[in-house]
Amino acid sequence: MQMALTGQLKHNLGAATNALLPQCNYSRCIFLIGHMRCGSTALSNILCSRPDISGYGETHISYTDKNGPGALVLNQLKRSAWKPQADYLFDKILHNVLDSKPPEEFFKSCAIFLIRDPKAAIPSILNLSQKTGMREYATFKDAESYYTDRLLHIKTLWKRFPSDRRCGFTHDALTQDTKTVLNTISQFLGLESPLRNYYAPSRATKQHGTGDPLNAHKHNAIVEGGIKKARNQNTVSEGRKIADRTEELWLETSTLFQRDRER
């Protein structure tokens, strides 16, 4: 009963905030849509270090109705991360449960998609699980299932966004051609000054659950070459069992991103 009342109160507060603040509009939201271990933390930190983008990383908000931006502001306010004068609100979404039934307004936002090759991503998810005790991804099968389900949904979301409201990249592109990717995102968002490959972690970005708990605290920029592959021998050997369909899904999705940029 208490949880239901708390949930209703949060919903009502989000709706009120959404109605009161012009900033609370999906057209002023930036969503980084990806999966765990795709390299999203550093990019999120770079975006959120700017005065014109309000956010701190992953909020775990569910976007199910028009009041999502209001809930996002309240979440940022709770973390002392809200910037009232910012042009954009930012969030990172890595799980289907958070964006499985978005309202039509959701697709008026600016979506930055980011994915990683399963041969690197799945062992990295498993390694994260082993080091942090995330039981949902404790086996290779669990990690691959999450990755496959997420990529299928990412592919669906990509097709629902208008071409001028989406851009997509791979982890390899982000870490091997960082300047080009950041310039492309800057142009996509219409930023007055381009993104720089640097960020100073804030108190909000350092909190548990907002980003990469294994590596984020070690860096202040996107690292050339990316995160090192997991060195746990069991993890690496299990990475060879990746299903052909998973590889095909990765190639299909990354090809969609590439075709958009070539237009």
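The values are calculated or read from the model by the stated rules, or taken from the named source; none is laboratory data. Given the structure is predicted, the values throughout are model-derived calculations rather than measurements. Reconstructed Cβ throughout: ideal geometry from the backbone, glycine too, with neighbour counts over all protein chains shown.
Per-residue answers, yes or no, for (1) at pLDDT 95 or above; (2) more than 24 Å from LEU174 (Cβ to Cβ):
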position	(1), (2)
SER54	yes, no
ARG79	no, yes
LEU89	yes, no
LEU94	yes, no
VAL97	yes, yes
GLY133	no, yes
GLU144	yes, no
THR148	yes, no
ILE154	yes, no
Considering only region 60-70, state which residues are under 17 Å from the mean Cα position of the chain (by Cα) and either hydrophobic (A, V, I, L, M, F, W, C) or crowded, with 22+ Cβ neighbours inside 10 Å (or both).
-> ILE61, TYR63, GLY68, PRO69
ALA42 vs (1) of a type in the set (Gly, Ala, Ser); (2) closer than 20 Å to ILE185 by Cβ; (3) surrounded by fewer than 17 Cβ atoms within 10 Å (Cβ to Cβ): all pass except (3)
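So which residues in region 100-126 are within 11 Å of the chain's Cα centre (by Cα) and either under 28 Å from ALA138 (Cβ atoms) or not in a strand (DSSP E or B) (or both), if there are any at all? Spell out the reasoning first.
If we filter region 100-126 for residues that are within 11 Å of the chain's Cα centre (by Cα), which is where we start, we get 111-115.
If the condition is that a residue be within 11 Å of the chain's Cα centre (by Cα) and either under 28 Å from ALA138 (Cβ atoms) or not in a strand (DSSP E or B) (or both), then PHE113, LEU114, ILE115 are the ones that fit.
Which residue, of SER124, SER100, is surrounded by 23 or more Cβ atoms within 10 Å (Cβ to Cβ) and more than 27 Å from ARG50 (Cβ to Cβ)?
On the way: SER100 fails: surrounded by 23 or more Cβ atoms within 10 Å (Cβ to Cβ).
Matching residue, one of SER124, SER100: SER124.
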Any chance region 183-199 includes a residue that's of a type in the set (S, T, N, Q), at pLDDT below 75 and surrounded by fewer than 17 Cβ atoms within 10 Å (Cβ to Cβ)?
-> no
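Tell me which residues, restricted to region 121-136, are in contact (Cβ under 8 Å) with a residue 60 or more places away in the chain and touching a Ser or Thr at 6+ places or on another chain (Cβ under 9 Å).
Taking region 121-136 and keeping what is in contact (Cβ under 8 Å) with a residue 60 or more places away in the chain, we get 121-128, 130-132.
Result: ILE122, PRO123, SER124, LEU126, ASN127, GLN130.
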Could you say which residue among LYS155, LYS159 is touching a helix residue (DSSP H, G or I) at 6+ places or on another chain (Cβ under 7 Å) and in a helix (DSSP H, G or I)?
-> LYS155
Matching residues in region 162-192 - criterion: being free of Cβ contacts under 8 Å to residues at least 12 places away in the same chain and in a loop (DSSP other than H, G, I, E, B) = ASP177, GLY190
Output the residue which, of all residues in region 46-67 that are among the small types (Gly, Ala, Ser) and out of contact with any Phe, Trp or Tyr (no Cβ under 7 Å at 6 or more places or on another chain), is farthest from TYR88 (Cα to Cα).
-> SER62
Restricting region 42-67 to residues that are part of a helix (DSSP H, G or I) and in contact with a strand residue (DSSP E or B) (Cβ under 8 Å, 6 or more places away or on another chain), the one farthest from LEU151 (Cα to Cα) turns out to be CYS48
